[in-house]
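S.K.: My structure is below; once you've seen it, I'll send some questions.
The values are calculated or read from the model by the stated rules, or taken from the named source; none is laboratory data. Quick caveat, the model's predicted, so the values are computed rather than measured. Cβ placement follows ideal geometry from the backbone for every residue including glycine, while neighbour counts extend to all protein chains displayed. Surface accessibility is based on the protein's heavy atoms, side chains included, excluding ligands, DNA and RNA. Shrake-Rupley method; radii C 1.70, N 1.55, O 1.52, S 1.80 Å.
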Amino acid sequence: MAMTDVAASVALSFFRRDPEIEIKADESPVTRADKATERSLRDSLQNHFPQEAIFGEEYGQTGEGTAMWIIDPIDGTRSFIAGLPLFGMLLGYLVEGHPKLGVIRMPALGEVYAGGEGMGAACNGQQIRVSSFTALEEARLFINEGDKLAVAEPAVFGRLVRSGQLRRMAADCYPHALVARGLADAVVDYDLQPYDYLPVSAVVEAAGGLMTDWQGNPLTMTSDGRTVTAATPRLHAELLDLLNRP
């Protein structure tokens, strides 16, 4: 989407330039880049869709109605601050709270993932699809927010680090994009907000995958922030069983 082109250039203009950091009430960091990037996206959306609501990480909600755009201007602010190129930009379109369209843009990598209901998913305009892996023991598994999981859910974390054929610790949106592309098979994530998971879920599901909460329920604005992304129903079911063992 053209509006994310402009916003990506805003984010990159701050990247690796020692951005000024503030700490928000929830103890997460925010930079001038987060705010400027969201403002760019908001301005474009208000220009093109003046009647629709917008909900963003930095500026909250403006407007009312059943149709809403949802924004995470820099998904992975900690990566951005550290100079890692794995921060993303997320944009989603919801109707009555259901994701209809999602965009995962990786500004520093030059990759744009997009997908939605009835349109499939693509990376840089080329169609993508999830893998066909069905067994967790053979899967390429990403464990996101592993430091938080190890503290808050030590038993779950212990099971996860012994699962899969290949495991990587990670964070933020990119592992989910890799599942949509068929390069990874599953992601377990933790402590997310709606602007983190709803745009991503639209892309994953458009590519043929599944993304739910830890109980297997569809993701909504009020989900608890614990998510499971999987390429196939059988793999998803195995992960749910692992996560919910007593």
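S.K.: Could you tell me what percent of the accessible area of region 1-80 is made up of carbon and sulfur, with a 1.4 Å probe and every protein chain present?
M.R.: 48
S.K.: Further question: How large is the direction-averaged shadow of the alpha-carbon convex hull of the chain, in nm²?
M.R.: Taking a quarter of the hull surface, the average projection is 12.4 nm².
S.K.: While we're here: Percent of accessible area on region 85-142 owned by carbon and sulfur, 1.4 Å probe?
M.R.: The value for region 85-142 is 50 percent carbon and sulfur by accessible area.
S.K.: Could you tell me what percent of the DSSP beta bridges with both partners in region 47-155 are antiparallel, to the nearest 5? Present the calculation step by step, with values, prior to reporting the outcome.
M.R.: Working: 30 of 34 bridges.
Close to 90 percent.
S.K.: Same structure again: So, for region 135-206, what is the accessible surface per residue at a probe of 1.4 Å, expressed in square angstrom?
M.R.: 38
S.K.: I would also like to ask the following. Provide the convex hull volume over Cα atoms per residue for region 91-187, in Å³.
M.R.: Per residue, the Cα convex hull of region 91-187 comes to 127 Å³.
S.K.: A follow-up question, please. Roughly how many Å² is the accessible area per residue of region 27-128, as a whole number, for a 1.4 Å probe?
M.R.: Accessible surface, normalised per residue, equals 43 Å².
S.K.: Taking amide H positions as placed 1.01 Å from N in the peptide plane, with prolines and chain starts having none, which residues 5 or more places from ALA186, or on another chain, fall under 5 Å of its amide H?
M.R.: Residues meeting the criterion, in which the H sits 1.01 Å from N, are ARG140, PHE142.
S.K.: Identify, among SER79, LEU141, THR222, the residue whose Cα sits farthest towards the positive end of the charge dipole of the chain, taking +1 on the Cβ of Lys and Arg and -1 on the Cβ of Asp and Glu, with the dipole about the Cα centre.
M.R.: Result: LEU141.
S.K.: To the nearest µm²/s, what D does Stokes-Einstein give for region 155-217 at 37 °C and 0.692 mPa s, using the Kirkwood radius over alpha carbon pairs as Rh?
M.R.: 263
S.K.: What share of the DSSP beta bridges in region 110-246 is antiparallel, in percent to the nearest 5? Intermediate values should be presented prior to the final figure.
M.R.: Working: 16 of 24 bridges.
Counting only bridges with both partners in region 110-246, antiparallel ones make up about 65 percent.
S.K.: Now for a different question. I need the semi-axes of the equivalent ellipsoid of region 199-246: take the C-alpha gyration tensor, multiply each eigenvalue by 5, square-root it, list largest first in whole angstrom. If you can, show how the numbers build up before the last one.
M.R.: Working: eigenvalues 60, 42, 7 Å².
One finds semi-axes of 17, 14, 6 Å for region 199-246.
S.K.: In addition: Can you give me the relative contact order of the chain as a percent, contacts being Cα pairs under 8 Å and 6 or more apart?
M.R.: Reported relative contact order: 16 percent.
S.K.: What's the whole-number percent of alpha carbon pairs in region 139-246 lying beyond 19 angstrom?
M.R.: 34
S.K.: Please report the accessible area of SER13 (heavy atoms, 1.4 Å probe, ligands and nucleic acids excluded) in Å², nearest 10.
M.R.: 60
S.K.: Apply the Kirkwood formula to region 27-164: the hydrodynamic radius equals the inverse of the mean of 1/r over all pairs of different alpha-carbon atoms; give it in Å with one decimal.
M.R.: On the way: mean 1/r = 0.0577 Å⁻¹.
That comes to 17.3 Å for region 27-164.
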